[in-house]
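Here is the structure we will look at, set down as structure tokens.
The values are calculated or read from the model by the stated rules, or taken from the named source; none is laboratory data. The structure presented is a predicted model; accordingly, all values stated were derived computationally and were not measured. Cβ coordinates were reconstructed from backbone atoms using ideal geometry, including for glycine residues, and neighbour counts include every protein chain displayed.
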Amino acid sequence: MERTEIRVGTRGSALARTQTGWVVDQFRAGGHEVAIELVSTRGDVVTDVPIAGIRGGDGVFVRELERALLDGRIDAAVHSFKDLPTAVTPGLEFACVPLRASPFDAFVGHSAPTIDQLPTGAVVGTSSVRRVMQLRALRPDLQVRSVRGNVDTRLRQLDEGACDGLILAAAGLGRLGLEQRITEVLRPDAFWPAVAQGALVVQIRSGDQRMAAVVGAIDDEESHAEVRAERACLAALAGGCLAPIGAWARFEGSRLHLGVCVLGPDGEGVARILSRAVGAAAETPEDLGRRVAEDLRRQGADGLLALGREDETRHRQG
């Protein structure tokens with residue numbers, strides 16, 4: 001007899017469970033029986049080094065969930081889209097992007113409410129290469145400390161005085177009901193978010209028509225188009241989810257706009273740090289992303305990313 005219950009996989013952090021719980025509630029509202037299965041990922045287990053320092057760091061939060069999907073242990077996996085590599089795993093597909101939350105980063109200040117107001121030598125906690133480089137550009141006098149762990153752990157370290165401020169995703173704080181901790185929202189052109197930040201994605205097995213129908217009911221067409229454009233640009237620049245590339249696509253009326261920032265080792269960007277383009281009516285989100293990538297290449301993006309990889313290698317070696 002065919003199983004009717006849908007099994008949805010998620011990481012075990014409070015944020016991951018909250019995000020997945022929202023998706024599951026939408027499925028149940030559609031009349032489906034749903035069970036949640038917690039899956040531990042390498043990124044959750046290894047918390048004593050920056051993500052970029054974990055072997056196979058690009059995708060450390062998703063590989064075990066993908067294996068569970070391919071093995072048939074779960075029928076769908078809910079991810080933060082920004083954690084996913086640009087390469088699509090054979091046999092799986094990204095079937096649904098619900099309405100996107102805020103794509104921006106947020107500063108949670110302890111000794112000052114904004115980055116500009118921090119005193120010289122203040123310590124800011126983050127484990128993201130992209131965020132570190134932008135901090136270098138904004139405030140080269142600040143110190144950066146790697147901070148890993150779930151959101152509650154990071155906030156506790158802040159409150160205990162381990163740093164003067166944190167940079168976190170505004171969407172994560174919002175989903176956990178912690179918007180009140182935000183003291184500054186960081187927006188382009190001063191500070192660029194990660195590709196697909198604020199967006200969830202539901203991944204299923206390719207060819208699973210039943211699940212495609214289930215998840216398609218909660219897909220948000222504009223949010224999906226935005227992240228398709230951002231990820232196409234990232235893929236065209238040969239960058240994984242850890243590359244120091246920021247992006248923000250958004251609709252203005254019926255036109256999709258895309259801005260992208262490529263960062264160098266010292267926070268210096270590609271020719272004024274950003275490139276903007278406006279999508280034509282007949283242009284797909286992927287075409288727009290690739291066109292912006294070519295524009296950035298003409299400005300020297302490949303060389304800047306190569307310098308960044310060299311800088312990261314030197315840092316790892318000591």
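With respect to (1) closer than 30 Å to Q19 by Cα; (2) surrounded by fewer than 21 Cβ atoms within 10 Å (Cβ to Cβ), the lone exception for P119 is condition (1).
Table: residues versus (1) outside the structural domain of I182 (by TED's automatic domain parsing); (2) outside any loop (DSSP other than H, G, I, E, B); (3) at pLDDT below 90.
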site: D116; (1), (2), (3): no, no, no
site: G121; (1), (2), (3): no, no, no
site: V124; (1), (2), (3): no, yes, no
site: R130; (1), (2), (3): no, yes, yes
site: A137; (1), (2), (3): no, yes, yes
site: V144; (1), (2), (3): no, yes, no
site: R148; (1), (2), (3): no, no, yes
site: R154; (1), (2), (3): no, yes, no
site: Q157; (1), (2), (3): no, yes, no
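For the stretch 274-299, filtered to residues that are modelled with pLDDT of 90 or more and of a type in the set (V, I, T), the residue that is surrounded by the fewest Cβ atoms within 10 Å (Cβ to Cβ) is T284. A190 satisfies every condition listed in (1) more than 26 Å from R7 (Cβ to Cβ); (2) hydrophobic (A, V, I, L, M, F, W, C); (3) at pLDDT 95 or above; (4) surrounded by fewer than 17 Cβ atoms within 10 Å (Cβ to Cβ) except (3). Among the residues making up the stretch 76-97, a single one is in contact with a Phe, Trp or Tyr (Cβ under 8 Å, 6 or more places away or on another chain) and without any contact (Cβ under 8 Å) to a residue 40 or more places away in the chain: V88.
Can you find a residue that is over 30 Å from L69 (Cα atoms) and modelled with pLDDT of 95 or more anywhere in the stretch 86-96?
Within the stretch 86-96, none of the residues are over 30 Å from L69 (Cα atoms) and modelled with pLDDT of 95 or more.
For the stretch 1-53, residues that are surrounded by 16 or more Cβ atoms within 10 Å (Cβ to Cβ), basic (K, R) and at pLDDT below 75 total 1. Looking only at the stretch 215-229, residues that are farther than 19 Å from A16 by Cβ, surrounded by fewer than 24 Cβ atoms within 10 Å (Cβ to Cβ) and among the aliphatic types (A, V, I, L, M) come to 2 in all. Taken over the stretch 71-94, the residue count meeting the criterion of being surrounded by fewer than 22 Cβ atoms within 10 Å (Cβ to Cβ) and within 18 Å of I36 (Cβ to Cβ) is 3. Can you find a residue in the stretch 244-266 that is surrounded by 23 or more Cβ atoms within 10 Å (Cβ to Cβ), modelled with pLDDT under 95 and out of contact with any Pro (no Cβ under 9 Å at 6 or more places or on another chain)? There is at least one residue in the stretch 244-266 that is surrounded by 23 or more Cβ atoms within 10 Å (Cβ to Cβ), modelled with pLDDT under 95 and out of contact with any Pro (no Cβ under 9 Å at 6 or more places or on another chain). Applying the criterion of being charged (D, E, K, R) and assigned to a loop (DSSP other than H, G, I, E, B) to the residues of the stretch 162-218, the residue that is farthest from L99 (Cα to Cα) is D164.
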